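Colleague: First the structure, then my questions, so here it is.
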């Protein structure tokens, strides 16, 4: 596992650049996902604009005015925060600096770096506005197309997506949230995809309505993008070992030197009993969920049983002789569900991308995405570790409930849009 880029570069390239410790692997892949998906979304919006499905809008802006005090103050405060915490993280010799999360939660930082960055950000804003200053500020009308707003859409999707993912994760793991609410909310581990999807969708719906962007056309453009983003994000989950793995595979156990070997007899029960403290803390019982699946001879064992050594959340038992920050592995290997989801969702992305031009009804492609995403997540939940609810004798997970609602909503939306579309077409033909 590569909790951050330091471990990845050390293993892959043999270099030990300590500054890379501050770049988590999960965040790295999430950033890649946003960049790639922004480019795909921009291309789809351009295509729909060329078809005449999306229109531009005119906005009046004021040019030539100098920087206001509020603009300078905002940039100074933003620069101050960046310098104090982010630059301070690189300059600090505090023990907290080895863990960025602990450092950001503390009061540690660099005041000189904060002041310098604050003045730099404020100075750049003043210079930018002064360079464009006119003797008399004037109002101009500019034309903006939906693809020009991809940057704003991406930022809102990132911000509200992260917020929603944390809120839903806290609801799903309420006991952990109550024990440490601040760390639970700002930690980059523990993210619930559907929470992010719901909150980001609401934010983008409001933004699209405010700027007159056809909502269903925007949704159709986003459908393949959402599937691609999920696939790329799951790479980060797998690489970092952030806990989004599956249930134990009782056909194997992990040896102290982190090798996954086939069980013979009752070795799975012995593994659980020998590590009962860990499993009692995790599940509240040693009767843990598991499934026995042996890897076919033509596949590597890790595809069905992975021990996640050096995982980023330090889940499991300590690796003998390890003295670094991330020194844990799973004594009973689990199904690497993030890898499964990456493969499945890349295939589903290819499917949606290949058929996207065949959907004539606005919003139908997005409904198709909802159905596919819901089905994929519902079935992967069968081998994932998640908190379960007790509803009338049933014990679904939060993701199972939401994924089932997504499938039902997708089918309902498809039928509703199809009915309305044919009614409008009939009215057009009869007029």
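Where a number appears in this text, it was derived from the coordinates with a stated rule and is not lab data. Since we're looking at a predicted model, the values are computed, not measured. Glycine also receives a Cβ, built like all others from the backbone with ideal geometry; neighbour counts cover every protein chain displayed.
Colleague: So what does log10 I(q)/I(0) come out to for region 248-335 at q = 0.19 Å⁻¹, using the Debye formula with one equal point on every Cα and no solvent?
Modeller: -0.83
Colleague: Counting other beta carbons within 10 Å of each residue's own, what order do 290, 422, 211 fall into, fewest first?
Modeller: Going from least to most buried by this count: 422, 211, 290.
Colleague: Still on this structure, please answer the following. Would you please give the FRET efficiency between residue 12 and residue 159, computed as 1/(1 + (r/R0)^6) with r the Cβ-Cβ distance and R0 = 30 Å, to the nearest 0.05?
Modeller: FRET efficiency, residue 12 to residue 159: 0.40.
Colleague: Then there is this: Using Cβ contacts closer than 10 Å as the measure, can you line up 378, 9 from fewest to most? Provide the component values of the computation, followed by the final result.
Modeller: Details: 378 19, 9 16.
Arranged by neighbour count, lowest to highest, 378, 9 become 9, 378.
Colleague: How do 205, 17 line up, fewest other C-beta atoms within 10 Å first? Each step should come with its number before you reach the end.
Modeller: Details: 205 14, 17 11.
Final ranking by Cβ density, sparse to dense: 17, 205.
Colleague: Additional query: For every helix of n ≥ 4 consecutive DSSP H residues, a contribution of -39,500 (n - 2.57) applies; sum these over the chain, divide by its total residues, and give [θ] at 222 nm rounded to the nearest 500 deg cm²/dmol.
Modeller: -18500 deg cm²/dmol
Colleague: Let me make sure I get this right: for region 12-91, a, b and c are the square roots of the gyration tensor eigenvalues over alpha carbons, sorted descending. Under 1.5 in a/c it's rounded, otherwise prolate if a/b > b/c, else oblate. Which is it?
Modeller: It is oblate, given that a/c is not under 1.5 and a/b is not larger than b/c.
Colleague: Given the options 263, 130, 275, which has the most mean-square fluctuation in a GNM of the chain, springs set between C-alpha atoms less than 10 angstrom apart?
Modeller: Maximum fluctuation in the GNM of the chain, among the listed residues, is at 130.
Colleague: Further question: Can you give the convex hull volume per residue for the Cα atoms of region 1-58, as a whole number of Å³?
Modeller: 121 Å³
Colleague: Please report the base-10 log of the normalised intensity I(q)/I(0) for region 200-287, using a Debye sum with one equal scatterer per alpha carbon and no solvent, at each q in 0.17, 0.22 (1/Å).
Modeller: Relative scattering, expressed as log10 I(q)/I(0), comes to -0.84, -1.13.
Colleague: Let me ask something else about it. Run the paramagnetic zone check for residue 62: 7 angstrom along Cα to Cβ, then residues of region 109-148 with backbone nitrogen under 20 Å.
Modeller: 125-143
Colleague: Per the Cauchy relation, a quarter of the hull surface: what is the mean projected area of the convex hull of the alpha carbons in region 311-408, in nm²?
Modeller: 9.1 nm²
Colleague: Here is a follow-up. Which peptide among 398-409, 117-128 comes first, and what is the full order, when sorted by highest mean count of other Cβ atoms within 10 Å?
Modeller: 398-409, 117-128
Colleague: Could you tell me how many cubic angstrom of Cα convex hull volume the chain has per residue?
Modeller: Per-residue hull volume (Cα only) is 197 Å³.
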